[in-house]
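Worksheet: one structure, shown below.
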Amino acid sequence: AIASGAYHTCGLTETGAAHCWGRNNRGQLGDGTSGTDRGSPVPVTGGLSFVSLVAGAEHTCGLTSTGAVYCWGYN
């Protein structure tokens, strides 16, 4: 699964780990930083496993298999 925002993209591995790359001005990559753009995928912190992702202009949200939703980036 892949989700694209305005200037960033996130994808899921076969195990459900989320990785994101691109612009990170609002923390939308989920790696615990902001202001550092990434040209290669970086893992989203927290060690969660997702079944789907959605991305907006400057945020990303993921749905876990238990139905919990987590979001990161610009509120």
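Would you mind telling me the share, in percent, of accessible area of the range 21-75 contributed by carbon and sulfur at probe 1.4 angstrom?
51 percent
What residue among 35, 27, 16 shows peak mean-square fluctuation when the chain is described by a Gaussian network model with Cα springs under 10 Å?
35
Just need the relative contact order of the chain here, percent rounded to a whole number, with Cα pairs under 8 Å and 6+ apart.
The normalised contact order for the chain reaches 29 percent.
So which cysteines of the chain have no other cysteine's Cβ under 4.7 Å from theirs?
none
Springs between alpha-carbon atoms under 10 Å, Gaussian network over the chain: tell me which of 15, 60, 45 tops the mean-square fluctuations.
Fluctuation is largest for 15.
Of all trypsin sites (Lys or Arg not before Pro) in the chain, which ones are in loop regions per DSSP and have a Cβ with at most 15 other Cβ atoms within 10 Å?
none
Please quote Rg/Rh for the chain to two decimal places, taking the Kirkwood radius as Rh and restricting both calculations to Cα atoms.
0.92
Which length gain, in nm to one decimal place, applies between residue 48 and residue 2 when the Cα-Cα distance is subtracted from 0.36 nm times their residue separation?
Stretched fully, the residue 48-residue 2 segment lengthens by 14.9 nm.
Stretch residue 38-residue 17 to full length: gain in nm at 0.36 nm per residue minus the Cα-Cα span?
Details: separation 21, 0.36 × 21 = 7.56 nm, distance 1.73 nm.
Gain on extension, residue 38 to residue 17, equals 5.8 nm.
The values are calculated or read from the model by the stated rules, or taken from the named source; none is laboratory data. Only a predicted model underlies this, so the values are computations on that prediction, with no experimental measurement involved. Here Cβ is always computed from backbone atoms with ideal geometry, including for glycine, and neighbour counts include all displayed protein chains. Keep in mind that these areas ignore ligands, DNA and RNA; they rest on the heavy atoms of the full protein, side chains included. Shrake-Rupley method; radii C 1.70, N 1.55, O 1.52, S 1.80 Å.
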